[in-house]
Amino acid sequence: MAVTSSPSAAETTQYDLAIVGGGVVGCAIAFFAARSGLRVVVLEAANLNRGSSGSSAGNLHGQLLSPVARRYVGSARAERLTMIARVHLKAVEMWKALPDSIQSDASVAHTGGFMVAETMAGAQILEAKVSYEKAAGLPSSLLSQAEGRRLFPMLGETVVAAEHCAAEGFANALTAGPALARAARRLGASIEVHSPIRRIERTGNAATLIGDRTSWSATKVVIAAGWQSPSIDVAGAADFTVDKEALQMHVTGAIGFEPTAVVQHIEDRLTVKRTQFGTWLIGGGWPSTVAPDGSLEVNWDSVEGNCGLAARIVPTLRSTPLLRTWPALSASVGERGVVVGWLDDARTCALAVPGETGFTLAPLLGCYLAESMVRPGILGAVADDGMTMLDRWNPEESRAPDGTRCVVF
Ligand SMILES: Cc1cc2nc3c(=O)[nH]c(=O)nc-3n(C[C@H](O)[C@H](O)[C@H](O)COP(=O)(O)OP(=O)(O)OC[C@H]3O[C@@H](n4cnc5c(N)ncnc54)[C@H](O)[C@@H]3O)c2cc1C
């Protein structure tokens with residue numbers, strides 16, 4: 001995407017909102033904010049979508065991820081499962097209307113999803129998980145082995161039970177973020193690439209964003225810089241923690257053309273599905289290796305473990321060549337799921353960093369942050385629980401500054 005304003009223009013333009021980071025989250029915030037009439041600039045250190053977003057599997061997770069279910073089922077905090085499921089249901093619903101709103105299909109496919117168990121212990125966790133999801137309104141059901149294989153005939157024989165959740169699917173992670181950016185740009189947003197922000201200072205009622213050669217002024221700021229967010233020096237900001245996690249993904253050659261449901265595993269790390277291009281994307285959180293110099297390398301044990309598991313659960317993959325494996329970094333925010341909120345008491349600068357389901361949550365976060373810029377009271381402090389904030393907020397009720405329902409579909 002071309003740079004849209006010169007350094008001198010940057011110095012004189014007063015934006016309503018500056019967004020630091022041009023991943024899917026930053027681009028979603030830009031789209032919703034521009035749509036609600038704000039003057040928006042996105043400041044991206046490198047190129048759009050080159051961080052976690054463009055490396056992601058692009059799965060739209062409605063059902064609870066297996067590590068989340070295993071963490072809370074049977075614990076004193078199990079009710080949290082229902083809340084997390086409600087937030088993800090809202091997020092997947094937003095993806096349904098997104099293609100029309102941004103005039104791009106972004107290869108969004110609402111295929112539904114499965115989570116399989118290979119042991120009876122796994123099946124019991126699935127059963128509990130389904131009950132929490134149903135309480136949240138998710139269309140989830142528990143299937144026997146035979147029912148599972150009737151709905152998804154490619155399932156392997158080791159599967160003893162499966163969950164089906166109709167509110168799942170995937171989008172193309174290579175095109176969704178850029179499509180949001182193009183839509184934001186059509187609505188008047190400026191997108192500036194190769195513009196790393198080093199420091200943010202508060203000046204009167206506004207903020208100054210200081211880059212390497214120039215600076216920008218905006219009334220409000222959102223930092224959406226993924227795992228790199230802590231490296232930005234924000235004057236007077238509250239402390240926050242974001243770690244990073246080195247993961248890897250795989251893509252196979254094409255067999256068939258119909259996109260399939262996303263298949264996950266309750267006791268192991270797996271997401272696998274056939275895309276609209278006939279290729280199968282395999283992931284689920286297996287680690288890549290961080291070299292001593294900090295660069296990422298393919299972890300061959302993970303290739304074997306991840307692809308071996310995928311081929312056991314979907315045996316048709318055994319006849320498919322593995323084309324490519326790539327390592328990538330993701331923000332890791334632990335049990336919080338998402339770190340979002342104001343960084344300063346004056347509510348000038350906010351942070352929006354999701355964790356393992358950040359691609360799914362991007363439109364929901366984008367809409368919420370956009371509304372928070374005109375109604376700062378709806379967003380809490382960054383120390384608050386981000387999932388609770390997203391759960392409390394209802395996109396159906398959000399309003400643009402003139403009172404119209406502008407930031408919702
Ligand atoms: C391998 C993998 C698979 C995944 N699969 C899924 C999935 O299937 N479903 C799902 O929901 N989630 C998935 N995720 C998580 C999801 O991809 C991320 O949570 C999401 O993409 C985060 O988007 P983001 O915009 O916050 O961050 P990023 O995409 O990392 O974007 C941050 C941007 O900020 C820029 N930046 C950094 N510092 C600065 C600075 N100082 N100034 C200006 N710009 C800066 C970076 O260059 C980058 O472009 C996956 C992640 C990985 C790594």
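The values are calculated or read from the model by the stated rules, or taken from the named source; none is laboratory data. This one's a predicted model, so the numbers in the text were calculated from it and none came from an experiment. Note that each Cβ is placed from the backbone with ideal geometry, even for glycine, and that neighbours are counted across all protein chains shown.
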Inset, instruction - Filter the stretch 25-59 for residues that are in the same structural domain as Ser372 (by TED's automatic domain parsing), assigned to a strand (DSSP E or B) and either within 15 Å of the chain's Cα centre (by Cα) or near the ligand (Cβ under 6 Å from one of its atoms) (or both) and give the result. - result: Leu43
Inset, instruction - Answer yes if at least one residue in the stretch 283-290 is more than 18 Å from the chain's Cα centre (by Cα), away from the ligand (no atom under 16 Å from the Cβ) and either closer than 30 Å to Gln228 by Cα or free of Cβ contacts under 8 Å to residues at least 40 places away in the same chain (or both), and no otherwise. - result: no
Inset, instruction - Please give the strands (runs of 3 or more DSSP E) falling wholly within the stretch 107-187 in which 1 or more residues are in contact with a Pro (Cβ under 9 Å, 6 or more places away or on another chain) and surrounded by fewer than 24 Cβ atoms within 10 Å (Cβ to Cβ). - result: 161-165
Legend entry - Residue satisfying all of: in the stretch 373-388; part of a helix (DSSP H, G or I) and away from the ligand (no atom under 16 Å from the Cβ); surrounded by the most Cβ atoms within 10 Å (Cβ to Cβ) among these: Met373
Legend entry - Of all residues making up the stretch 226-249, the number that are in a strand (DSSP E or B) and either in contact with a Lys or Arg (Cβ under 7 Å, 6 or more places away or on another chain) or within 9 Å of the ligand (Cβ to nearest atom) (or both): 6
Legend entry - Evaluation of Val353 against (1) in contact (Cβ under 8 Å) with a residue 40 or more places away in the chain; (2) more than 9 Å from the ligand (Cβ to nearest atom); (3) hydrophobic (A, V, I, L, M, F, W, C) (one fails), failing number: (2)
